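Data first, discussion second: the structure below is written as structure tokens.
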Amino acid sequence: MKQSEFKKRRKQLMQRIGEGNIALIASASMHARNRDVNYPFRQDSDFYYLTGFNEPDALAVFVPGRTRGEYILFCREFDAKKALWEGAHSGLEGATSHYDADDAFPIDDLDDILPGLLENKTKVFYPMGSNLELDHNLLEWINHIRNQSRSGIIAPGELVSIALILHEMRLFKSTEELKLMRRAAEISALAHIKAMKSCKPGLYEYQIEAEIIHHFIDNGLRSVAYPSIIAGGKNACTLHYTENNSKLKNGDLLLIDAGAECDHYAADITRTFPISGRFNEAQKQLYQLVLDAQTAALEQIKPGLPWNSAHDASVEVLTQGLLDLGLLKGKLKKLIKDEKYKQFYMHRIGHWLGMDVHDVGDYKIKDKWRLLEAGMVLTVEPGLYIPPDCKSVDEKWRGIGIRIEDDVLITPTGHEILTSGVPKSIADIEALMQAA
Ligand code: GLY
Ligand code: MN
Ligand code: MN
């Protein structure tokens with residue numbers, strides 16, 4: 001991502017904060033895995049969105065109108081020994097020269113410098129409640145200023161959630177962001193194709209996972225956007241199954257939910273296909289039903305329609321289908337009203353997608369489902385999961401779990417499916433697997 005993109009975002013943020021106010025965002029921290037080993041570092045998405053700075057132990061401060069510079073970065077000082085062991089880090093010099101900070105200070109001097117920046121400001125915007133250390137420090141700094149009130153210094157009187165501004169900005173993807181999302185989507189789609197081609201009975205779920213991760217890393221995408229779900233047979237009925245250690249059986253379906261991250265932007269794809277390469281009759285019927293539900297949901301994805309329309313469409317198609325196939329009994333309207341479908345379809349149609357796989361952004365505005373707008377990206381992922389011990393349905397349906405998930409960009413006239421590279425019709429999946 002170009003530095004100019006981060007600069008544009010900071011400018012927008014400054015305008016929305018307004019002069020006389022201040023905003024603070026902390027970086028993510030390193031977390032110890034054991035002794036001298038850390039978990040892989042993943043920057044805080046809000047922090048990265050505004051700074052492009054990929055180090056822990058940093059705090060970004062935004063002070064609109066400050067004459068000596070509006071954007072201040074507190075970070076680690078350059079340490080030659082650290083650089084030798086752990087690799088490069090930017091130091092104060094790099095913070096200003098590479099990352100366009102107007103001013104940079106050592107993170108160790110935070111307590112000395114920050115109260116001065118907060119003095120006489122009215123509102124403090126910050127990610128309320130999501131970083132306990134920052135929450136605590138902020139109150140300490142404010143108390144520190146209050147103690148000086150007799151010298152005429154005024155402490156900020158309002159704490160405001162920065163999410164109100166920042167997450168609304170993150171919800172609408174720019175051309176630069178879409179380039180990264182398209183790449184994450186394309187590489188992830190190809191990884192799913194590879195998984196379909198290499199699947200055969202007798203392999204273990206982790207061997208399919210290895211195919212997928214290999215393709216991600218081989219293309220330079222070294223992080224998954226979330227732990228991959230590789231669920232053969234009834235494992236697919238556990239929504240967040242990630243053990244990935246069962247043997248794949250002839251006659252079962254395989255559900256794969258996997259996506260890569262490209263420079264902090266996620267893809268999120270699910271496909272479900274027969275391990276043998278051919279669906280049996282019952283699998284075909286349920287699979288086609290989920291696909292029809294996705295088609296119906298996608299028809300509701302365009303500017304001006306409420307977020308919930310796609311969910312309602314999927315519920316209607318799935319409930320009618322479950323009635324037709326005999327898994328539910330009763331009247332369509334009443335089954336929907338009583339949410340009887342929830343025993344087989346217990347999640348919603350999707351979620352915003354962006355830097356976080358379940359991305360930020362409000363789904364409702366003043367109690368009403370918000371209207372879709374161009375530039376938003378979301379997933380469309382209906383599913384059916386028939387519990388293995390579900391006595392109320394015929395045995396042939398039990399233990400089948402199916403989800404079909406695509407990533408969708410809302411365009412001015414409708415939508416664009418970013419993950420259309422992976423087949424999903426029964427005929428296309430079977431053809432691809434037979435040809436392998
Ligand atoms: N992979 C998580 C989800 O589909 O929401
Ligand atoms: Mn999803
Ligand atoms: Mn998913």
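The values are calculated or read from the model by the stated rules, or taken from the named source; none is laboratory data. Being a predicted model, the structure only gives us computed values, none of them experimental. Note that each Cβ is placed from the backbone with ideal geometry, even for glycine, and that neighbours are counted across all protein chains shown. Surface accessibility is based on the protein's heavy atoms, side chains included, excluding ligands, DNA and RNA. Shrake-Rupley method; radii C 1.70, N 1.55, O 1.52, S 1.80 Å.
Quick look at the values:
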| quantity | calculated |
| --- | --- |
| Around Lys337: net Lys/Arg minus Asp/Glu count, Cβ-Cβ under 14 Å | +1 |
| Kirkwood Rh, Cα atoms: Rg over Rh of region 187-254 | 0.96 |
| Filtered GluC sites (Glu not before Pro), region 365-436: DSSP coil and at most 15 other beta carbons within 10 Å | Glu373 |
| Region 384-436-region 62-94 distance, computed between alpha-carbon centres (Å) | 47 Å |
| Size of electric dipole in the chain: Cβ of Lys, Arg +1 and of Asp, Glu -1, about Cα centre, debye, nearest 20 | 1320 debye |
| Which of Ile107, Ile429 is most accessible, then next, and so on - probe 1.4 Å | Ile107, Ile429 |
| Calculated on alpha-carbon atoms, Rg and Dmax of region 335-436 in Å | 17.3, 52 |
| Entries of Lys249/Lys333; Lys173/Lys234; Lys194/Lys342; Lys123/Lys366 with Cα pairs more than 30 Å apart | Lys249/Lys333; Lys173/Lys234; Lys194/Lys342 |
| Accessible surface, 1.4 Å probe, highest first, among residues Arg33, Arg42, Arg16, Arg222 | Arg222, Arg33, Arg16, Arg42 |
| Per DSSP, loop trypsin sites (Lys or Arg not before Pro) in region 247-332 with at most 11 further Cβ within 10 Å | Lys329, Lys331 |
| C-alpha center-to-center spacing [region 16-47, region 184-211] in angstrom | 33 Å |
| Lysine pairs within region 1-103, Cα separation less than 30 Å, 8 or more sequence positions apart or different chains | 4 |
| Computed over the chain, the ratio Rg/Rh where both radii use C-alpha atoms and Rh is Kirkwood | 1.04 |
| Met355 - accessible surface, heavy atoms, 1.4 Å probe, Å² rounded to 10 | 10 Å² |
| Surface accessible to a 1.4 Å probe, Phe105 within the full protein complex, Å² | 50 Å² |
| Residues of type aspartates and glutamates that Lys396 reaches as a straight line, Cα spacing below 18 Å, ignoring anything fewer than 8 places off in the same chain | Asp252, Glu281, Asp324 |
| Whole-Å semi-axes of the ellipsoid equivalent to region 188-312 (Cα gyration tensor, √5λ, descending) | 25, 22, 12 |
